[in-house]
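Notes to accompany the following structure.
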Ligand SMILES: NC(=O)c1ccc[n+]([C@@H]2O[C@H](COP(=O)([O-])OP(=O)(O)OC[C@H]3O[C@@H](n4cnc5c(N)ncnc54)[C@H](OP(=O)(O)O)[C@@H]3O)[C@@H](O)[C@H]2O)c1
């Protein structure tokens with residue numbers, strides 16, 4: 001069991017625009033699905049609202065301080081980070097922190113590895129960005145081409 005951050009960023013560190021992903025790359029969606037399926041995906045309420053339906057074959061953990069999340073199979077709403085972390089040891093699955101920015105920031109101290117897809121764009125009008133220093137203390141271990149001009153890099157803590 002590991003706590004893993006997974007994110008796609010453009011050349012300027014943008015991750016979102018108007019509450020959605022500012023691009024559509026099937027190679028990255030396929031990679032995201034293959035990587036996270038059968039595991040746990042922790043997300044913020046805004047990211048949850050950007051999904052058409054719960055991520056299938058994954059436990060969807062939605063963090064909210066007060067919003068009502070409709071009950072449905074495969075979805076758990078929790079009120080704080082600690083509640084999510086206290087579940088983790090009992091799940092015997094990897095916990096993928098899937099965003100958005102608020103959730104990446106909240107879980108930064110616990111994230112053991114980052115999986116970062118570099119998107120070859122500079123999105124105009126993006127409104128959500130990764131913290132500039134999110135990879136401080138991490139070192140790249142491996143990079144892979146995903147297709148569609150995308151590269152994914154796996155980072156591990158170096159200190
Ligand atoms: N490129 C990528 O890989 C990627 C990945 C994910 C998301 N995104 C994009 O990022 C944007 C959304 O990011 P965001 O930062 O605005 O929102 P977010 O992190 O998805 O959600 C924020 C919400 O999560 C809840 N929350 C945050 N911290 C919490 C805590 N410590 N405890 C309990 N609840 C907490 C709050 O919900 P309440 O207001 O309900 O209390 C808060 O309003 C969208 O554009 C999305 O498409 C991009």
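Please treat every number below as a calculation from the coordinates, not as lab data. This is a predicted model, so every value here is computed, not measured. All Cβ positions, glycine included, derive from the backbone under ideal geometry; neighbour counts span all protein chains shown.
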Checklist outcome for this item: Taking the alpha-carbon centre of each part, the distance from segment 29-52 to segment 65-83 in Å is 15
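If each residue's Cβ is checked for other Cβ atoms within 10 Å, how do 142, 118 rank with the fewest at the top?
Ordered from fewest to most neighbouring Cβ atoms within 10 Å, 142, 118 come out as 142, 118.
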Checklist entry - Going 7 Å from the Cα of residue 23 in the Cα-to-Cβ direction, what parts of segment 91-125 have a backbone nitrogen less than 16 Å from that spot? => result 115-125
Next on the checklist: Run lengths n ≥ 4 of DSSP H only: what is the helix-derived mean residue ellipticity at 222 nm for the chain, with -39500 (n - 2.57) per run over all residues, to the nearest 500?
Outcome noted: -5000 deg cm²/dmol
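Report the gain in length on full extension from residue 136 to residue 112: 0.36 nm times residue separation, minus Cα-Cα distance, nm rounded to one decimal.
On the way: separation 24, 0.36 × 24 = 8.64 nm, distance 1.21 nm.
Stretched fully, the residue 136-residue 112 segment lengthens by 7.4 nm.
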Item to check | Largest-first principal axis extents of the Cα set of segment 20-131 (Å) | outcome: 39, 29, 29
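So if R0 is 25 Å, what FRET efficiency would residue 158 and residue 91 give, r being the distance between their Cβ atoms, rounded to the nearest 0.05?
Details: r = 27 Å, r/R0 = 1.07.
With a Förster radius of 25 Å, E is 0.40.
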Checklist outcome for this item: Rounded to the nearest 5, the percent of DSSP beta bridges in segment 3-157 running antiparallel is 45
Item to check | Overall form of segment 51-102 per C-alpha gyration tensor (a/c, 1.5; a/b vs b/c) | outcome: rounded
Item to check | residue 68/residue 2 FRET efficiency (R0 41 Å; Cβ-Cβ; nearest 0.05) | outcome: 0.85
Next on the checklist: Quick check: the angle from helix 26-36's long axis to the longest principal axis of the chain, C-alpha only, nearest 10 degrees?
Outcome noted: 40
